[in-house]
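Values in this text are rule-based calculations from the coordinates and carry no lab data. Computed from a predicted structure; not experimentally measured.
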Ligand code: FAD
């Protein structure tokens, strides 16, 4: 199997609410488990940033399904490349509500990997986007609250 990692960003449509988010995540996690896809989805009212890892064919096929999903728009592909190992091996789809993070820590992490303290991943490089998600994954894994940790594999 050729392991691939894909990163993209998009904007939620105006109809997207929290109950829709929960529904999306439950289905995505089950489907990803079946397809041996791992990753993480960070979301706010204005943006999604998602990392998908798995076989190149399956990740590619999933991205094509995601791209036509009417629940978001303005998709922008940040990276699609081979990977030597998974960064999110334990997560069928980790989910992070960016707005729920501590404000000062959120700003510090965003500034560490980008140029703005606001979550707007549209201008991020591939390495910055991955670095940000790995930092937040570590935060999710060590967090004692379940507020933003939606699910492991
Ligand atoms: P079906 O479930 O048969 O649906 C048919 C069509 O309706 C598809 O175009 C689908 O996108 C759309 N649709 C499905 N549910 C709704 C709804 N509630 N409201 C409006 N339209 C809907 N799927 C995964 O499997 N793994 C992921 O990691 C994943 N991440 C996602 C991240 C984001 C930000 C979004 C918006 C969606 C994500 N999805 C994910 C869902 C994905 O886009 C598909 O809906 C899902 O893979 C099912 O595809 P399907 O072809 O079987 O569609």
Could you give the length gained by full extension between residue 126 and residue 20, i.e. 0.36 nm per residue of separation minus their alpha carbon distance, to one decimal place? 35.4 nm
Convert 10 °C to kelvin, take the viscosity as 1.306 mPa s, use the Kirkwood radius over C-alpha pairs of the chain as Rh, and evaluate the Stokes-Einstein diffusion coefficient in µm²/s, rounded to a whole number. 103 µm²/s
Could you give the length gained by full extension between residue 107 and residue 73, i.e. 0.36 nm per residue of separation minus their alpha carbon distance, to one decimal place? 9.7 nm
Potential lengthening between residue 1 and residue 34 on full extension [0.36 nm per residue; Cα-Cα distance subtracted]: 10.3 nm
For the chain, what does the helix formula give at 222 nm: sum of -39500 (n - 2.57) over DSSP H segments with n ≥ 4, over the residue count, nearest 500 deg cm²/dmol? -12000 deg cm²/dmol
Computed over the chain: relative contact order in percent, which uses C-alpha pairs under 8 Å that are six or more apart: 32 percent
